[in-house]
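Student: Below you'll find the structure I mean.
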Amino acid sequence: MAKENDVELVSVSKLYGTTRAVDSIDLRIRGGQYCCLLGPSGCGKSSTLRMIAGHEAVSDGDILIAHRRVNDDPPARRGTAMMFQSYALFPHLDTLDNVAFSLKMQGVPKAERRRRAMEMLDLVSMADYAARVPAQLSGGQQQRVALARALMTRPSVLLLDEPLSALDPFLRGRMRAELRRIQRELGIVFIHVTHSQEEAMALADLAVVMKDGRIVQAGPPREIFNRPATAFVAQFMGGHNVMTQGGRTVTLRSDAIRLSRGDADAHRRATVRDVEYQGPQVHVALATETGEDMAAILPERTYFADPFAPGDAVALHWAPEDLHHVAAEV
Ligand code: ADP
Ligand code: MG
């Protein structure tokens with residue numbers, strides 16, 4: 001069933017007055033996929049999500065869910081649910097009643113709604129906290145309750161707008177893994193807005209990189225990381241050098257560069273600007289003699305076999321097949 005719940009956007013635009021927040025985007029998310037909308041602040045991620053949810057009208061184009069046009073349907077009739085931030089929980093209701101709230105509104109009898117809410121709390125590993133009110137829960141626990149509440153309506157598409165941004169890095173990592181587990185277990189579409197490329201790479205089956213209201217590239221994270229379509233995507237994803245070679249723009253992964261001390265056959269010569277220890281790897285910032293800023297990422301052990309200091313002259317080497325041509329647009 002879940003497999004048929006494709007979400008399709010066909011030439012969808014959103015205008016606020018004369019501001020074109022979303023500019024004619026086409027996107028197909030297949031049933032069961034975890035999709036991340038990714039891009040810098042103001043690129044149109046939340047507007048896109050709110051149009052899918054039905055909280056914002058579509059200015060132009062069509063939105064289809066399970067092959068049915070939903071432009072004119074109210075949010076409750078779309079089979080979507082939005083996971084709101086944890087502060088939207090009812091402070092005076094305990095965890096179980098917060099989660100069961102939508103069922104109460106639908107007139108589901110008490111015993112039945114408590115049973116279904118408990119099932120949902122179990123799914124998000126919060127069954128032991130059913131009797132607590134939100135103030136007695138940590139931020140991460142409140143987030144799980146908010147997730148359980150959103151899932152209670154049995155949506156075929158769950159929409160999440162920067163759901164992890166309020167959590168500390170440790171909790172964020174844990175909650176990220178939980179989201180992925182729950183999405184797999186339910187087999188429904190998750191559409192998750194984030195400005196973190198790390199989050200999108202960790203979670204997404206389909207990552208969608210947006211810029212200025214448009215989709216610049218959509219695909220599996222590994223494909224986007226290894227074959228960025230534009231210089232902007234390479235820079236936004238990180239871990240790449242963007243350079244000009246023979247009049248064309250190319251990208252080169254920072255971990256594809258080898259450093260030595262002045263061989264004649266080097267691809268570039270540079271001075272070490274800065275060395276940053278990152279645990280499993282070492283990040284070496286470089287200023288080339290042609291005036292470019294570049295970076296090399298070396299495995300920790302490789303680096304410490306022959307470490308460099310700021311000011312050292314180095315030679316850069318790479319395999320020609322590691323150069324990847326991109327559109328110059330930044
Ligand atoms: P993102 O979620 O990627 O940060 P948004 O979708 O929130 O981006 O916003 C995209 C653009 O639309 C921005 O320029 C923003 O200022 C504008 N915008 C968003 N919501 C409104 C609104 N309700 N009224 C007017 N402009 C808006
Ligand atoms: Mg936003």
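What follows draws every value from the coordinates through simple rules; no lab data is involved. Quantities reported herein were computed from a predicted structural model and do not represent experimental measurements. Cβ: placed from backbone, ideal geometry, glycine included. Neighbour counts: every protein chain shown.
Student: At most 12 other Cβ atoms within 10 Å and a DSSP loop assignment: could you name the trypsin sites (Lys or Arg not before Pro) in region 229-330 that fit? Could the numbers behind the result be given before it?
Tutor: Details: sites: ARG248, ARG253, ARG258, ARG261, ARG268, ARG269, ARG273, ARG301; in loops: ARG261.
Loop-located and lightly packed - ARG261.
Student: Amide H neighbours of ASN71 under 5 Å, at least 5 residues apart or on other chains, H built in the peptide plane: list them.
Tutor: Those qualifying (amide H under 5 Å, at least 5 residues apart or on another chain) are ILE63.
Student: How large is ³J(HN,Hα) for each residue in region 191-206, as worked out from phi by the Karplus curve 6.51 cos²θ - 1.76 cosθ + 1.60 (θ = phi - 60°), to whole Hz, x for Gly and Pro?
Tutor: 10, 10, 8, 8, 9, 9, 5, 5, 5, 5, 5, 6, 9, 7, 7, 10
Student: Post the alpha-carbon centroid distance, region 296-310 to region 176-209, in whole angstrom.
Tutor: Centre-to-centre distance over Cα atoms comes out at 33 Å.
Student: While we're looking at this one, here's another question. For the Cα atoms of the chain, what angle does the longest principal axis make with the long axis of helix 139-151, in degrees from 0 to 90, nearest 10?
Tutor: The angle comes out at about 60 degrees.
Student: Size of the dipole of the chain about the Cα centre, Lys and Arg at +1 and Asp and Glu at -1 on the beta carbon, nothing else charged, in debye to 20?
Tutor: Values: 39 positive and 40 negative charges, 266 e Å.
Dipole magnitude for the chain comes out near 1280 debye.
Student: Also, I was wondering about something else. Farthest toward the dipole's positive end in region 3-226, which of ALA100, VAL124, THR80, given Cβ charges of +1 (Lys, Arg) and -1 (Asp, Glu) about the Cα centre?
Tutor: ALA100
Student: If you average the C-alpha positions of region 255-295 and of region 17-64 separately, how far apart do those two centres end up, in angstrom?
Tutor: A separation of 40 Å, based on Cα centres.
Student: Placing unit charges on C-beta atoms (Lys and Arg positive, Asp and Glu negative, everything else neutral), compute the dipole magnitude of region 54-118 about its Cα centre in debye, rounded to 20. Working shown, then result.
Tutor: On the way: 10 positive and 8 negative charges, 100 e Å.
Roughly 480 debye for region 54-118.
Student: In addition: Provide, for the chain, the number of lysine pairs with alpha carbons under 30 Å apart, each pair being eight or more places apart or on different chains. Working shown, then result.
Tutor: Numbers: LYS3/LYS14; LYS3/LYS45; LYS3/LYS104; LYS3/LYS211; LYS14/LYS45; LYS14/LYS211; LYS45/LYS211.
Number of lysine pairs found: 7.
Student: Next question. Can you find, among TRP318, VAL10, ILE65, the residue farthest towards the positive end of the dipole of the chain? Put +1 on the C-beta of Lys and Arg, -1 on that of Asp and Glu.
Tutor: Checked the options; the winner is ILE65.
Student: Output needed: percent of Cα pairs per 20 Å distance bin for the chain, bins running from 0 to the one holding the longest distance.
Tutor: 28, 47, 23, 3, 0
Student: Springs between alpha-carbon pairs under 10 angstrom, Gaussian network model over the chain: which of ALA218, ALA204, ALA313 fluctuates most?
Tutor: Largest GNM mean-square fluctuation: ALA313.
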